[in-house]
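J.: Pasting a structure below so you can have a look.
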Amino acid sequence: MTDSKVSFWHKVRNFFNGPIDSSTSRVTNDSNDPNQQSRVFKISDFSKVLDPKDIVLDVKAASKNELLKYLANLVSNSNTTVNTEEIYGKYLVREKNCPTDLGSGIALPHVQVESITKLTMLVVKLQRSIKWSKSESVDIVISFLVPETDKNYQYIPYLASVARLLLRPSFVQSLRQTKNKFAIVKLFK
C-alpha cells in the first residue's frame, strides 16, 4: 500500500504507535505484556501554528454555538480572506457528527476549511464554562483550522500532541491557571 493510499485511521495509528510489523512484534498498552515496548512521544513544534494573537482569555459565551461563531470570527480578524460562515458551518457539522469535548473541561474542535491557507491553532479560555455535550461542560477550547488542501493529514501530529499534553494533569492545571497569552504559548513549547 503506497503512502498516498493509506487511510486516515492508519496514519493516526502509525503516528501514535509507529508502523507495526505484525510478523515480528505487536505494540500494546498492556502493562502485563512482557513484550511491551516503551515509547517516547515527540511533541509537535507549536510555534509553527500558535500565534499569541490567536489566544484569547476571559471570553464571554453563553453556548457552544455562540463560542463556535466567536472562533470563526477570531480567525477572520487576522485573516480577511477567510470565509467566516464557512468556518462556522464546518464547526457546527463537526460538533453535530461528533462532539469534540475531551473531558476535564476542554474541547478540541477542528475543521478543514477551503478558505484557510495555513494550519492555525486557537486557544480560548472562557469566563464561565458552557455546556458542550450532554455530559460535559467546557471552559477551555483549543481549535485547529486546517487547509482543505491538506490531504496528507499534516495536522494529525498537532492533534496527537495536544491530546498527549492534556493527559498530563500538571499541564492542564498550568493551562487553566495561566492568565497570560505569552505564558500559554510557552506552555506549548
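The values are calculated or read from the model by the stated rules, or taken from the named source; none is laboratory data. This is a predicted model, so every value here is computed, not measured. Cβ: placed from backbone, ideal geometry, glycine included. Neighbour counts: every protein chain shown. Heads up: the accessible areas ignore ligands, DNA and RNA and are worked out on the full protein's heavy atoms, side chains in. Shrake-Rupley method; radii C 1.70, N 1.55, O 1.52, S 1.80 Å.
J.: Could you state the accessible area per residue of region 55-189 in Å², with a 1.4 Å probe and every protein chain left in place?
T.: 51
J.: Place the peptides 83-89, 106-112, 183-189 in order of packing, highest mean first, counting for every residue the other Cβ atoms within 10 Å and averaging per peptide.
T.: 106-112, 83-89, 183-189
J.: Once both labels are modelled 7 Å past Cα along the beta-carbon direction, what's the residue 47-residue 81 spacing in nm?
T.: For the pair residue 47/residue 81, the computed spacing is 2.5 nm.
J.: Can you give me the relative contact order of region 45-122 as a percent, contacts being Cα pairs under 8 Å and 6 or more apart? Show your work: numbers first, answer last.
T.: Details: 55 pairs, mean separation 27.0, N = 78.
Across region 45-122, relative contact order equals 35 percent.
J.: Roughly how many nanometres apart are two label points built 7 Å out from the Cα toward the Cβ at residue 60 and residue 98?
T.: A separation of 3.5 nm, rounded to one decimal place.
J.: For region 120-189, which whole percent of the accessible surface, found with a 1.4 angstrom probe, sits on carbon and sulfur atoms?
T.: 51
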